[in-house]
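I have placed the structure first, in the form of structure tokens, so that the comments after it can refer back to it.
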Amino acid sequence: MINLFLYSFIAIQLFIVAWIDLKTKVISNYWHLLNLLVAIVIYVVQPDTFKWEVFLFPLGYVLTGFMLFLAGIMGAGDSKYLASLCLVIPLEFHLPFFEALLLTTMMVGALLLSSRIVKNFQKLRAYAWTRYWQGIKDVIKSEFSYAPVIFLAWIYLGVSLWV
């Protein structure tokens, strides 16, 4: 079971970062450094919790995030923040958090895609009729802040753990 204090700390931090990300579309390096500092403190105070496997998910988030950044899908700050946050999360919750993150990403992505299709249906139909694929891509493409999705995944994980 995850420590309630740690869960609350991460939830409050995620709420603040999500709010800032929604307003400014930028995640400061301050948050990455804070997570690294908290992780170091956790591993010094509880050295038995440190295993090399704790770096697998953060490394995966950085590599995947870098590829998504190059594709213009995800911001670099989002992937760095997610990787640093994962260092604070206990190892046994990495996989459940990843699953919650996948679920919330698909739900938010589907919702945003559906709303863009409904909002621009006439334009999309015209582009499809004329086979102007770049126009369809431009209409469907949506840049959104990812920190709120991470926050939703954390809340979903907490609800699934305690309910």
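Listed values, structure above:
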quantity: Top of 69, 15, 121 by mean-square fluctuation, Gaussian network on the chain, Cα under 10 Å; calculated: 121
quantity: Correct option for semi-axes √(5λ) of the Cα gyration tensor in Å [calculated from the coordinates] among [x] 36, 19, 14; [y] 35, 16, 14; [z] 31, 17, 14; calculated: [y]
quantity: Listed residues 30, 43, 132, most fluctuating in the chain (Gaussian network, C-alpha, under 10 Å); calculated: 132
quantity: Percent accessible area from carbon and sulfur atoms, the chain, protein chains only, probe 1.4 Å; calculated: 74
quantity: Burial ranking of peptide ranges 80-86, 50-56, 16-22 (average Cβ count within 10 Å, highest at the top); calculated: 80-86, 16-22, 50-56
quantity: The chain: most fluctuating residue of 64, 24, 130 per GNM, C-alpha cutoff 10 Å; calculated: 130
quantity: Surface accessible to a 1.4 Å probe, per residue, for the residues of region 83-144, Å²; calculated: 66
quantity: Those trypsin sites (Lys or Arg not before Pro) in region 99-163 that DSSP places in a loop and that have at most 12 other beta carbons within 10 Å; calculated: 131, 141
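The values are calculated or read from the model by the stated rules, or taken from the named source; none is laboratory data. In this text the structure is predicted, and so the values were computed from the model without any measurement. For neighbour counting, all protein chains shown are included, and Cβ atoms are generated from backbone atoms with ideal geometry for every residue, glycine included. All accessible areas refer to the heavy atoms of the entire protein, side chains included, with ligands and DNA or RNA removed. Shrake-Rupley method; radii C 1.70, N 1.55, O 1.52, S 1.80 Å.
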